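Since the structure comes first, as structure tokens, the remarks are kept for the end.
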Amino acid sequence: MHEALMRPAIVSRVSDLIGCTPLFELCRTENGSRLLLKLEQFNPTGTAKIRMARAMVDAAEAAGELRPGGRIIESTSGNTGLGLAVIAAERGYTFTAVVDNHAAADKLRGMKAMGAELVHVVDDGTEELATAAREEFAEKLADEDDGAVFTEQHNNPANAVGYYPVGRELDAALDGRVDILIGAVGTGGGLCGTGRELRATVPDVRIVGVEPKGSIAFGGPAHDYYQSGTGTPEGATIGALVDFDMIDEGVKVGDVEAFATARVVARKTGLLIGGSAGGVVHEALTRMAALPPETTMVALVNDGGEKYMDTVFNDDWMNARDLIDPTVEREIDELLTKLRGN
């Protein structure tokens, strides 16, 4: 097995389990084109973002900004915070997560279980996404504490560096045969970091970015959305890691389509993927019929669906927000059935 796909059989730190995540063939067309899902939920904490959490802490330590016993502060909708909670626990740091109630409750519970301090910028029960307010408050907390570092994931170059191994893993697993890379765009680190490293060996790979409808990175109109951990809401600054020169195409997928896809994939395959991953897979599925023969498309699945039992996979929650459309779910089910042959 290629060294990029190997990890030790016995480890002594949870972070040693990061990486080497599998590829799952979701479907294949009659002309030999295939859609592969890079299942980042097989990382510790069930998410890709622990990769960049470790890289950001490594960079802060190397720069002398984070010293023994120090404090890490981050604005997070959940997954980055889960990763930082692991690294903080391993290395003896305290971790303060600045959050809002847009985050899935299980992500907040997970951070707290690992010793994180949760600070809510909006604590009235509203589900409003408060990215700008979170980041402003996180910066303020760090300024007031000499021993603290605000890792600032949206503008931290180490974020993208943390995803370079994903590009190497794809290259090794597929012997360089990656024609299209498609993934969610939030901070930009995941898709652009992976894409930058992959293009070092696969220069012609086409990179497609996906954000929720209502997000502003690829233009307006802006409005609220429920997909978590992705996109750039109105009032927030587009992350410095969103490399528009690298992204060949930017598209938008609505909450209804994204969540319907996650629900259909679960029913058809037994694979639980997160809501924003549903948006990425939805966009990928709609492209399958038009792909040239023998095309390999890889979709980055940034987290699993286990954290969304109270939301995406909860009919009551979905119906209360008018997010279930039986027609859309049926169309996705029919498309996936046709592509999978079952």
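Of Thr21, Ala299, Val281, which is farthest on the positive side of the dipole of the chain, counting Cα position, with +1 on Lys and Arg Cβ, -1 on Asp and Glu Cβ, and the Cα centre as origin? Working it through, the farthest residue towards the positive pole turns out to be Thr21.
For the chain, which whole percent of the accessible surface, found with a 1.4 angstrom probe, sits on carbon and sulfur atoms? Exposed carbon and sulfur together represent 49 percent of the surface.
Across the chain, Cα pairs under 8 Å and at least six residues apart give a relative contact order of 19 percent. Computed over segment 164-219, the alpha-carbon pair-distance distribution with 10 angstrom bins reads 26, 50, 20, 4, each value a whole percent. Each stretch of four or more DSSP H residues adds -39500 (n - 2.57); spread over every residue of the chain, this sum gives -11000 deg cm²/dmol at 222 nm. Normalised by the number of residues in segment 89-227, the average gap of Cα pairs under 8 Å and 6 or more apart makes the relative contact order 17 percent. DSSP bridge analysis restricted to the chain gives an antiparallel fraction near 20%, rounded to the nearest 5.
If we count every other residue with Cβ under 12 angstrom of Arg28's Cβ, Lys/Arg +1 and Asp/Glu -1, where does the sum land? My count for the surroundings of Arg28 gives 0.
When Asp315, Asp325 are compared by accessible area at a 1.4 angstrom probe, the order from most to least is Asp315, Asp325. Across the cross-link table entries Lys307/Lys338; Lys268/Lys307; Lys49/Lys213; Lys107/Lys213; Lys112/Lys140; Lys107/Lys338, which are compared at the Cα atoms, the separations over 27 Å belong to Lys307/Lys338; Lys107/Lys338.
Compactness of segment 225-295 is given as radius of gyration and Dmax, 14.2, 43 Å, from Cα positions. Accessible surface for Thr295 stands near 10 Å², nearest 10, in the context of the full protein assembly shown (1.4 Å probe).
Ordered from largest to smallest accessible area (heavy atoms of protein chains, 1.4 Å probe), the residues Thr96, Thr201 come out as Thr201, Thr96.
Computed over neighbours whose Cβ is under 13 Å from that of Ile238, the net charge equals -4, Lys and Arg +1, Asp and Glu -1. Taking one equal scatterer on every alpha-carbon of segment 100-191, how large is log10 of I(q)/I(0) by Debye at q = 0.14, 0.16, 0.21 1/Å? Per q value, in the given order, log10 I(q)/I(0) is -0.73, -0.88, -1.19.
Of the whole protein surface, His282 contributes about 40 Å² of accessible area at a 1.4 Å probe radius. Name the shape class, rounded, prolate or oblate, that the alpha-carbon gyration tensor gives for segment 174-314, where a ≥ b ≥ c are the square roots of its eigenvalues, rounded holds for a/c under 1.5, and otherwise prolate holds if a/b is larger than b/c and oblate otherwise. Note, shape of segment 174-314 comes out oblate. Ranked by the mean number of other Cβ atoms within 10 Å of their residues, highest first, the peptides 111-117, 318-324, 193-199 fall in the order 193-199, 111-117, 318-324.
For segment 51-113, GluC sites (Glu not before Pro) meeting the loop criterion (DSSP other than H, G, I, E, B) and having at most 11 other Cβ atoms within 10 Å: none. When Arg267, Arg71, Arg206 are compared by accessible area at a 1.4 angstrom probe, the order from most to least is Arg267, Arg206, Arg71. Rounded, prolate or oblate, given the Cα gyration tensor of segment 73-150, with a/c below 1.5 counting as rounded? Oblate. Protection proxy ranking of 78-86, 333-341, by the mean of other Cβ atoms within 10 Å over each peptide's residues and highest first, is 78-86, 333-341.
Need one word for segment 38-122: rounded, prolate or oblate. Basis is the Cα gyration tensor (sqrt eigenvalues a ≥ b ≥ c); a/c below 1.5 gives rounded, then a/b vs b/c decides. Walk me through the intermediate numbers first.
Details: a/c = 1.88, a/b = 1.22, b/c = 1.54.
Oblate, because a/c is 1.5 or more while a/b does not exceed b/c.
The values are calculated or read from the model by the stated rules, or taken from the named source; none is laboratory data. This one's a predicted model, so the numbers in the text were calculated from it and none came from an experiment. Cβ atoms come from the backbone with ideal geometry, glycine included; neighbour counts cover every protein chain shown. To get the accessible areas, we keep the full protein, side chains included, count just its heavy atoms, and leave off ligands, DNA and RNA. Shrake-Rupley method; radii C 1.70, N 1.55, O 1.52, S 1.80 Å.
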